[in-house]
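Below is one structure; the comments refer to it alone.
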Amino acid sequence: METKPIDGKAFAAGLRARIADEVAALKRDHGLTPGLAVVLVGEDPASQVYVRNKAAQTAEAGMASFEHKLPVDTAEADLLALVARLNADPAVHGILVQLPLPAHMDATKVIAALDPAKDVDGFHVVNAGRLAVGLDALVPCTPLGCVMLLKHHLGKLAGLNAVVVGRSNIVGKPAAQLLLREDCTVTIAHSRTRDLPGVCRQADILIAAVGRPEMVRGDWIKPGATVIDVGINRIPKDDGKTRLVGDVAYQEAQGIAGLITPVPGGVGPMTIACLLQNTLTAARRQAGV
Ligand code: NDP
């Protein structure tokens, strides 16, 4: 069987172009410019790259981008005060506090302080709860991107067996909720799952969100299954540099999976595109248009 790669980079570029068109129409018809505030505390190099990319792509989509960079020793109370100001600012429709936060800050408390209507990461318990009970919610960007790719390539997902490996609040659990909303039969696997390879072999749709390089082997994959690899793992090369690999052994999956997302170039580019989508959704809902 031929295994086809899912080109997340191209799909994300198309999605960003559609969002830019919708932003232009919102400005023209309603005088509304969606605004995204990104808050970065400290100097974590990976977070700095993410924040830079988010700001650039926000501006490219025609949205207003507000960057707030705070020193690593910022008091939690000062971060909470900034969040309160952004909650009250009518030019800001989406707020993203880049994680991880420094150790002296409580991320749960900071996320709880966000206005759920502006929580474009979809991490607030109100949004998690709304997703769980089937109401409109701002949905975490990475799983939203995974399900968009699945629907684009497979059409209707109803009745398919979906196995999600990983149960984090930012990927695994919301991915499972979204697949349930699409009428999949959903299994959530994790570090205590018995016979993980056997569980994975039941999957028509296999989502790996674990953070362990190439943990999912070729013979864990049901022939013809669609594999979505969320993992981003940096592993050392002989020349001292690093390379990115996913949670799935990509080469072993060739000839077994029907469709698979590569790493990089699969799920990764969808995350920022979905952040822009959430910001657009949040702006529309706040303005009532
Ligand atoms: P977490 O560390 O929060 O969660 C990992 C999950 O994997 C946990 O539920 C854990 O189970 C499970 N797990 C760990 N080891 C095993 C094992 N041996 N067998 C089965 N399950 C296991 O990670 P995240 O969800 O935040 O991220 C997962 C991966 O996705 C990472 O590589 C991350 O970098 C990547 N990622 C990529 C994004 C993108 O934009 N493409 C965005 C976000 C994350 P348990 O709960 O039992 O401990």
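The values are calculated or read from the model by the stated rules, or taken from the named source; none is laboratory data. Remember, predicted model here, so these are calculated numbers, not experimental data. Cβ sites come from the backbone with ideal geometry, for glycine too, and all protein chains shown count toward neighbours. Ligands, DNA and RNA are excluded from the accessible area calculation, which covers all protein heavy atoms including side chains. Shrake-Rupley method; radii C 1.70, N 1.55, O 1.52, S 1.80 Å.
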task: Could you tell me the convex hull volume per residue, in Å³, taken over the Cα atoms of the range 30-117?
output: 82
- request: Starting from the amide H of LEU70, placed 1.01 Å from N in the peptide plane, find each other amide H under 5 Å away whose residue is 5 or more places distant or on another chain.
  value: LEU40, VAL41, GLY42
field: Qualifying aspartates and glutamates (Cα of each under 19 Å from Cα of LYS4; at least 8 residues distant if same chain)
entry: ASP204, GLU214, ASP219, ASP229, ASP247, GLU252
message: Taking each pair of distinct Cα atoms in the chain once, what is the resulting Kirkwood hydrodynamic radius in Å?
response: 19.7
- prompt: In units of 2.2 N^0.38 Å, what is the alpha-carbon radius of gyration of the range 39-178?
  reply: 1.13
- request: Order these peptides, 278-286, 88-96, 69-77, by their mean beta-carbon neighbour count within 10 angstrom, highest first.
  value: 278-286, 88-96, 69-77
message: How large is the translational diffusion coefficient of the range 141-269 in µm² per second when you combine the Kirkwood radius over alpha carbon pairs with Stokes-Einstein at 25 °C and 0.890 mPa s?
response: 170
Alpha-carbon centroid distance for the pair the range 92-113 / the range 35-63, whole angstrom: 14
- prompt: How far apart, in nm, are the 7 Å Cα→Cβ label points at GLN48 and GLN254?
  reply: 3.7
query: Relative contact order of the range 141-269: what whole-number percent is it, with Cα pairs under 8 angstrom and at least 6 residues apart?
result: 21
query: Any idea how many Lys pairs in the range 141-269 come in under 21 angstrom at the alpha carbon, given 8 or more places apart or on separate chains?
result: 4
message: In the range 141-269, if the dipole is taken from +1 on Lys/Arg beta carbons and -1 on Asp/Glu beta carbons about the Cα centre, which of VAL263, HIS152, ALA176 is farthest to the positive end?
response: ALA176
Whole-percent carbon and sulfur share, accessible surface of the chain, 1.4 Å: 53
task: Mind ranking 177-183, 190-196 by how tightly packed they are, going by the mean number of other C-beta atoms within 10 angstrom, highest first?
output: 177-183, 190-196
query: CYS200: accessible area at probe 1.4 Å, nearest 10 Å²?
result: 0
query: Which residue, LYS151, LYS173, LYS237, tops the fluctuation ranking in a GNM of the chain built on C-alpha contacts under 10 Å?
result: LYS237
